Structure formats: structure tokens, C-alpha cells
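Engineer: This is the structure I have questions about; it appears just below.
The values are calculated or read from the model by the stated rules, or taken from the named source; none is laboratory data. Please read these numbers as outputs of a predicted model, since none were measured by experiment. Quick reminder, even Gly has a Cβ in these numbers, built from the backbone with ideal geometry, and neighbours come from all protein chains shown. The area values use the complete protein model at the heavy-atom level, side chains included, leaving out ligands, DNA and RNA. Shrake-Rupley method; radii C 1.70, N 1.55, O 1.52, S 1.80 Å.
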Amino acid sequence: MEIASKYSPEQIEKKWYDYWMRHNFFRSTPDEREPYTIVIPPPNVTGVLHMGHMLNNTLQDVFIRRARMTGKNACWVPGTDHASIATEAKVVAKLAEDGIKKSDLTREQFLKHAWDWTYKHGGIILEQLKKLGASCDWERTCFTMDEKRSQSVLKVFVDLYNKGLIYRGVRMVNWDPGAQTAISDEEVNYKEQQGKLYYLRYQLADDPKRYAVVATTRPETILGDTAVCINPNDPKNAYLKGKKVIVPIANKEIPVIEDEYVDIEFGTGVLKVTPAHDVNDYMLGEKYHLESIDIFNDDGTLNEHGLQYAEMDRFEVRKKIEKDLEEAGLMEKVEPYTNSVGFSERTDVPIEPKLSMQWFLKMGKISEPAFMSVMDDVVKLHPAKFKNTYRHWMESIKDWCISRQLWWGHRIPAYYLPEGGYVVAETDEKALELARQKTENNNLSMADLRQDEDCLDTWFSSWLWPISVFDGINEPCNKDIAYYYPTNDLVTAPEILFFWVARMIIAGYEYRDDKPFKNVYLTGIVRDKQGRKMSKSLGNSPDPIELMDQYSADGVRMGMLLCSSAGNDILFDLSQVELGRNFCNKIWNAFRLVKGWQVDETIEQPDSSATAITWFSNKLQSALAEIEDHFEKYRISDAMMSSYKLMWDDFCSWYLEMIKPGYQQPIDQKTLQTTIDFFDRLTRILHPFMPFLTEEIWQLLQPRNVGESIMISEMPEKNSFDEKILKAFDFASEVIIAIRAQRAKRNILNKEQIELFIKKNEETPQTLFDGIVAKLCNIGNIAYIDEKPENCASFIVRSTEFFIPMEENVNKEEERAKLQKELDYTRGFLDGVLKKLNNERFVGNAPEKVLEGERKKKADAEARITVIEEQLKSL
């Protein structure tokens, strides 16, 4: 068999992905097996792959491939999200490049452009995921605005409306002037901003020489003031009780109201009340029946209530009004002030609190089962520390503003009647039927009805995702939803724990009376090595496609997994994917070595090879138990590291060296076949992490039939193992390392055969690996002795003394100095262990396993000290 001298991923990756697709290995349909299901967090339909996607989807692929290999019916459902705000912004920008304004188009004309954009750019990210190796059931690909998902969204809206959970009303919302739409509280990011605190003079209406001083960070909003408020218990402002004051610039009278809400200590203790542009002022306005004056246009400019500042941008007005107030003598003073300002998550524009007519979903009662399911670990969060975040959000949950002032998305299915009022229905036909019933006018036509212009929040479609991908809203009893729901694992980011995860759980209990998934694995944020979040603007985010071209998909997957513990941010560095690529090359070279050995069927298996096989069989079982434990605890990075060490350290660095035949010598058939079997199992263990390389090697290890694949082979099962054998080898490996160090130190060439004397101690000699030690260290004779021999180089491993006979006399002064240094170090080490064991707090809180380890360290150090002291005496 001709095996390439170098691993060539660019050829191998495409070959095997096409093979998997051709044989439908990713396809899943309900059968008698246990299902294992993951739904992909749908990326933006017009998005492209970034490093966060790479991590998230690699983890999902690891889960799904491992489930497939453990006999489960694995189904990974892919799809994309229509992303209302982001996609509409891109379409508007593209139209602007072509000299077209959105305002010049009808809704239908704009939507044609939006669909054209989606068809042109949509789905690119899904194709990119194939390069990563994602084993999704592509026949199940969904889009949040495809026919079935759209029907599901409208059906749920109508259902919740009919249940009295959806209502329409004027409320204070977060207004995004960039996207010109309302956004939810969860879509607002708060940033510390260096601004100013302006102290303004509001003259008393009945005595213009006197005035109240009001502190504000937003002087432009004074044009919407309808009162000022003082605390009734504030003596310094008691003179304002029952008075009226004049709003600066606007020159209109407003009343002074009293409420204990006002903080006497903040500013001057006098609060301007602007009900249309501040959440707390809105509540005061409701309480005291104040007028609400909205001074802003949707784009953040001032409207006709802005007087001479009309049509100016809000921040330009802030600069101008500061100057005007100073010139009018109405500015007391200005101070630097740092405050927290809300920015739109999507457009990064400062949000404006604004009174607006919106649609809301009541979240109180409907969210209770979702809250308890996480608190009771029916749905488990990994890591569990995020339960506190979840609790905080759910305990302070507010009604969800579900309407958006956009055209791209699911249009709200509310239809306004000519005489006032509205009906809610899934279709035009049903709406007309309801309208005729409500108005008792059978002559109504669709032309008489006007559908609401707004769209639903994007999350209102994606909260149904685990149900809607199986069409469980439209067909609640279909075989797919019955078989695959609830799904198993969700992999997502902590920042959308409330946006998406909590809402999916809410929808799951509302529409299936069951959780949507059993486990939520929360990834960290991928950052650069300086700790900065990766972004195009910073130029610190590598192109994932270029990374895979340079380092291979397997190399990138492995590099990311090794540094990505659940819930912790990833400090990404190219050295990590270099490590992944090097690992691929290491495995390939090990494969070439094994397949390059010549077999002689007439020779017997050497004892050293039989011992090596015994050890690695046990080591393999120990590693399998460790890897399975990591997977059960969702420590995927640790599972990858255990697999890496098993392959690189245990198999390549130790086992292959143990069984390797001499230069140009053949290997026995029994050892080679066992080694190939080991290699087969190792590729299967590594396959979920590194699918392409493992498929290539697995196919070449032994003759395979067309249609066979490692991805549908069985994952090796863990069995019992002998811990004593593993411990014996750990000791033997330390001895081998120490002998090699002695050879290097004393310039003894590896080709020179040496002898090794081992001084007996109280413990029974461990001779199982003597043959291995002899082979790897080129030792002609190993002997166990009672007394220290003369003229030998000595070293200690744990509490056992070893001696290598030397042709030249050993320098006793050098030996004494070396031993004294070793004694000082060991005594210092023992002191550190004793401090721990004498610390009552440590002993009282540490797990028994940790205490056991510390006690063993103590015993080993004491035994080592005794041996070193005896050696020093003998010198």
C-alpha cells in the first residue's frame, strides 16, 4: 500500500465529506433506536462563519458524532434565522448604495429586495459549516421565515392572543433610532460614558427672581417636561410646594409635584419630569395624570415639539441648547459626569426611552414552569454557575415587547376595522370572517381591513425552534415531534441565556408541556490573546475558512476544543491550531510507521511486547473511563485533552517505542495485529473531535467495504482495568526517564549497553516492566542487590536507589553536593505538605481524595529523605 509521506487535508477533507453525504450517514428518521437530538442555534441567514460559530458548531458536532457511534439515532437539525434588524439594515444599506430610499418603496417592493438579498447571500454559512465537518441532517434544513415556520409563528401569536396573553398598548419602550424600531430590555447593552451633569434654572412663575435648580444629563429633553418633582420631606426645597415653574427655553408653566420617589441627596433634590422620555418619569406621569409630550422623531431628530430645534439631531441639540441656556442665564453650572448609557445591541446607537404603541406578551404566569425546570435541574445548565444569572432574569421578568417597526419579518396578524377595533387571525380569509362577525357587517371586504404594519421580534420565531423544526406547532401529533422532542443538548452562548434559552423553555412548556432540551452547554466568548472580543473593526478575528485551509479542519477543531472549558472565555492564539495541526501530523506519522513495518510470521512475540500490550490495554480502558466521565460532566475540553494524551503520550511516545522492532528488523504478526487493533480503537475515540483524519486512517488500517465508515462504527466501550499495572508502569517510566538523564549527564551514548543495579527496599521489587526498561534504555543486565556497589553513578526514584556501574571513578564530592541539593529540596517539599496537613481548615474542607494524595506525598517524601540520608552517610 502506498501511503503519502505527508498528511494532505485539502484532498482528504472533501473526499470524505462527499462520501458521508453520498451515503446519507447524516440522515435521521424515527426508528426503534434511542434518539439523540440537537437543534442548531440558527445563525443569521446572510451571515458568514466567525470564530464563535466555529467553537459552537464544533462542540455540537462532537456531541452528535459521539452519540451516533454509541448506537443512538443522532439527528442534528440545521437552519438559519431571518434576523429582522440585521438583515433589514443590510438591505437598506444596499438600497442606499443604489440611490434608493426605503421610504420611497412600498412594503411589497422592499420585501422583494429583501428576499432577493436573502436568496443571493443566504445559506453561505451552512456551506461553510460543511467544510468544518458538521454532520447535520441537511435534508431537515429550516429557515425561520419558511412556510412551516411562518405558519407556526402566526398560529402561536393567535393562540396567545386568544388566551389573553398578548395585548396592545402604549408603553415606554427602548427605541433604537438607528434601526427605527423598539427593542427589548435584553437587547440593550449598557456602557460607561463620560458626559456632563447640567444644572438648569427653572424660574418660579410667581417670582421670576427666584428659581429651582434641576440637574439633568439630557438637557434637550426639557422641551418635553410637564412637571418638576420634590420630596415632601425635603426642607431645603419646601419653598417650592404648591408652586409653578417655567421651563427654560420653552417658557411654559409646569406644576411642582411632591413624591417620596425623589432622592433628596441626588443633585439638588429637584427632579424634572419628562413622562414621554424616561421610564421612571413615565410612572410619575401615570400616577399624577401628567401630559406626555414626545419630542423625538423615529430617527432621533426633534419633531415640532422641539421648537427652534426641530429636525436637528438630538446630540446636536444637546450642544446647542447648552450654549443657549448659558446665554439666557439659565445654566447654573456644568460638571463632568460618568453615567451608564444604554446602546442598541444591533446598531450600537444610544437608545432613547420613548412612549410607543406596541404589542406585548404577558410573561408572569407563562414563565413559571420554565423558571422551576432550571431551578430543579430538569433542564441542566453547564456550568451550573449560570443558574444564578437565570434566576435573576426570571425573577425580574417583564412583559415582552414583541413588535418591531420593521418590514422584514413575520407581519403581526392583527387587522384593523374601519369603525375602530381589530381582529387577530392567521390568514386574511379568517380575519375577514372574524371582522364580519364582530361588526355584523357581511358586506365587509379585505379592502376594508388594514393589517398592522409592524413585524414580530425575531426571537418570537426562534423561541419555537425546537418545536417548529419538527413542525410540532402545526402538526402537534406528527411522528417527528413525538420521537425527537424533547431534544438532548443545546450548545449556545451565555449572552442569549434569557433572549433565547429561557424563552424556548417557556414555549416548550406552553406548547408541549415538556422541556425543549435536557442540557444547555454554555460556551465562552472567543477573545484574542489580549482578552479583547474578536471583531472585524479591531481586525483581530481570523477568517475561519483561511484557518482551515492553512491548518486543516481537524487542526482548527482540536486547537479550539483544547482551550474551551464550558462557560469560560477562550483566549485564542494561532499556537493552539498549530498544536492541532502538529497532532494531525503526529498521528499520520505514527500510522505510516506501523504500516511500514515488515511482518515475519515465524518469529515469536517478545516478552517486552507482550508486557507493552498488557499495559496499553489497561491504559486504554482507564482513558475510556476518564473520557466518558468528562463527557457526562460536559467537560469537553478535558475529554479532548485525555484523548490527546492517550494518543500522543501513551500510544506514540511509549507504546510504539516499546514494541518497535530493531532497525530494519521485522515485527511479529501478533504484536502488529494487536497494534493495528489499538490504532483502530484510538481513531474511533478521536473521531468526534477529528473526523476527517480519523476516517482516512481507519479506512486504510484494514480492508473495508464500500459504504463502511468510522462515523457509523461503534465507539469503544470501557471495561475494567488493573490499576496496579498502571501504577507499576508509572514507576517504570520514571526510572526510564531518570536513566536517560544519567546517560545525558555522563555522556554515555545510547548505543552503549549498560548494567543497572537496584537496591532492594522494604517493598517487593516491581519486575513486570524490567524487560521494557532494559529495551528502552539499552540495558544488558538488571540485578537486585542488598548493598550499595562501588564506583557507580546513583539516582533515586521515589524511595528506591538505582546504580549504574561506571568505568571511571565517581567524584564523591559531586555526588555529595548533588544529594545534599536533592535532600534540601525534598525537605522543603515535605514542609509544604505538612503545613497543609496541619491546617485544620484545609483538613476540614478538602475532599478525602485530596487528603489521601497529600498523605501519600508525605509518606513518599519521608521515605525519600531516609534513602538520601543513608546515601550521604555512605559517602
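Engineer: Could you tell me how many degrees, from 0 to 90 and to the nearest 10, lie between the Cα long axis of helix 812-837 and the main elongation axis, the longest principal axis, of the Cα atoms of the chain?
Structural biologist: 40
Engineer: Kindly rank 603-613, 496-506, 788-798 from highest to lowest mean number of other beta carbons found within 10 Å of each residue. Could you put the intermediate results ahead of the total?
Structural biologist: Details: 603-613: 17.8, 496-506: 22.5, 788-798: 16.0.
Final packing ranking: 496-506, 603-613, 788-798.
Engineer: Ok, one more. Leaving ligands, DNA and RNA out of it, rank TYR825, TYR511, TYR261, TYR663 by accessible area with a 1.4 Å probe, largest first.
Structural biologist: Values: TYR825 160, TYR511 50, TYR261 110, TYR663 195 Å².
The ordering from most to least exposed comes out as TYR663, TYR825, TYR261, TYR511.
Engineer: What do you get for the angle between helix 386-395 and the principal long axis of the chain? Use alpha-carbon atoms, 0 to 90 degrees, nearest ten.
Structural biologist: 20
Engineer: I need the calculated FRET efficiency for the pair LYS94 and ILE124, taking r as the beta carbon distance and R₀ as 22 Å, to the nearest 0.05. Show your work: numbers first, answer last.
Structural biologist: Working: r = 16 Å, r/R0 = 0.71.
Once rounded, the FRET efficiency stands at 0.90.
Engineer: Here's a follow-up. Only bridges with both residues in the chain count here: give the DSSP antiparallel percent, nearest 5.
Structural biologist: Counting only bridges with both partners in the chain, antiparallel ones make up about 70 percent.
Engineer: Using a 1.4 angstrom probe on the protein heavy atoms only, could you order TRP20, TRP648 from most to least accessible area?
Structural biologist: On the way: TRP20 0, TRP648 65 Å².
In descending accessible area the options line up as TRP648, TRP20.
Engineer: Follow-up. Pull out a ≥ b ≥ c, the square roots of the eigenvalues of the alpha-carbon gyration tensor of region 189-265, then state rounded if a/c is under 1.5, prolate if not and a/b is larger than b/c, and oblate in the remaining case. Before the final figure, lay out the partial values.
Structural biologist: Working: a/c = 2.06, a/b = 1.34, b/c = 1.53.
Judged from the Cα gyration tensor, region 189-265 comes out oblate (a/c at least 1.5, b/c at or above a/b).
Engineer: Next up: Would you pull out the residues with amide H under 5 Å of LYS380's amide H, same chain only if 5 or more places away, H placed 1.01 Å from N?
Structural biologist: Placed amide hydrogens put ASN519, VAL520 under 5 Å from LYS380.
Engineer: Something else now. Under the rule of at least 5 residues apart or a separate chain, name every residue whose amide H is placed under 5 Å from the amide H of ILE257.
Structural biologist: It is VAL228, CYS229, ILE230, by chain and number.
Engineer: What is the angle, in °, between the Cα long axis of helix 574-596 and the longest principal axis of the Cα atoms in the chain? Nearest 10 is fine, range 0 to 90.
Structural biologist: With both axes taken from Cα atoms, the answer is about 40 degrees.
Engineer: Can you tell me the FRET efficiency between GLU291 and ALA482 if r is taken as the Cβ-Cβ distance and R0 is 51 Å, rounded to the nearest 0.05? Write out the running numbers ahead of the final one.
Structural biologist: Values: r = 56 Å, r/R0 = 1.10.
It comes out at approximately 0.35.
Engineer: Within region 577-616, which residues have the backbone N less than 20 Å from the label spot 7 Å out from TYR663 along Cα→beta-carbon, could you tell me?
Structural biologist: Backbone N within reach: 593-594, 596-599.
Engineer: How charged is the neighbourhood of ASN478? Take every other residue with its Cβ under 15 Å from the Cβ of ASN478, and add Lys/Arg as +1 and Asp/Glu as -1.
Structural biologist: Values: positive: ARG140, LYS148, ARG149, LYS155, LYS479, ARG512; negative: ASP471, GLU475, ASP480.
Net local charge, ASN478 excluded: +3.
Engineer: Place a point 7 Å from Cα of ARG532 in the direction of its Cβ. Which residues in region 328-372 have their backbone N less than 19 Å from it?
Structural biologist: 348
Engineer: Shifting gears a bit: Per DSSP H run of at least 4 residues, take -39500 (n - 2.57); add these up for the chain, divide by its residues and hand me the 222 nm value, nearest 500 deg cm²/dmol. Write down the numbers at each step before the final one.
Structural biologist: On the way: 28 runs with 363 residues, N = 875.
My calculation for the chain gives -13000 deg cm²/dmol from helical runs alone.
Engineer: For the chain, rounded, prolate or oblate, judged on the Cα gyration tensor with a ≥ b ≥ c (square roots of eigenvalues), a/c < 1.5 rounded, else prolate if a/b > b/c? Mind dumping the intermediate values first?
Structural biologist: Numbers: a/c = 2.94, a/b = 1.82, b/c = 1.61.
Verdict is prolate for the chain.
Engineer: Now, a different point. Take the alpha carbon gyration tensor of region 647-781, find the square roots of its eigenvalues, order them as a ≥ b ≥ c, and report rounded if a/c is under 1.5; if not, report prolate when a/b exceeds b/c, else oblate. Each step should come with its number before you reach the end.
Structural biologist: On the way: a/c = 2.67, a/b = 1.93, b/c = 1.39.
Prolate.
Engineer: May I pose another question? Would you pull out the residues with amide H under 5 Å of ALA793's amide H, same chain only if 5 or more places away, H placed 1.01 Å from N?
Structural biologist: Those lying under 5 Å, H to H, from ALA793 are ILE804, MET806.
Engineer: Under 24 Å from the Cα of LYS365, which lysines turn up, not counting those fewer than eight places away in the same chain?
Structural biologist: Filter leaves LYS155, LYS163, LYS380, LYS387, LYS398, LYS515, LYS518.
Engineer: Output the antiparallel fraction of DSSP beta bridges having both residues in region 720-872, as a percent to the nearest 5.
Structural biologist: Numbers: 8 of 14 bridges.
Approximately 55 percent, going by the DSSP bridge assignments.
Engineer: If you don't mind, another one. Okay, which of region 739-769 sit inside 20 Å, backbone N to the point 7 Å along the Cα-Cβ direction of GLU787?
Structural biologist: Of the residues in region 739-769, 756-762 have backbone N under 20 Å from the label point off GLU787.
Engineer: Same structure again: Can you put MET641, MET560 in order of accessible area, largest first, using a 1.4 Å probe? Spell out each step's value before the answer.
Structural biologist: On the way: MET641 65, MET560 5 Å².
Most to least solvent-accessible, the answer reads MET641, MET560.
Engineer: Taking 35 Å as R0, compute the FRET efficiency from the Cβ-Cβ separation of GLU755 and GLU852 and round it to 0.05.
Structural biologist: On the way: r = 37 Å, r/R0 = 1.07.
My answer for the efficiency is 0.40.
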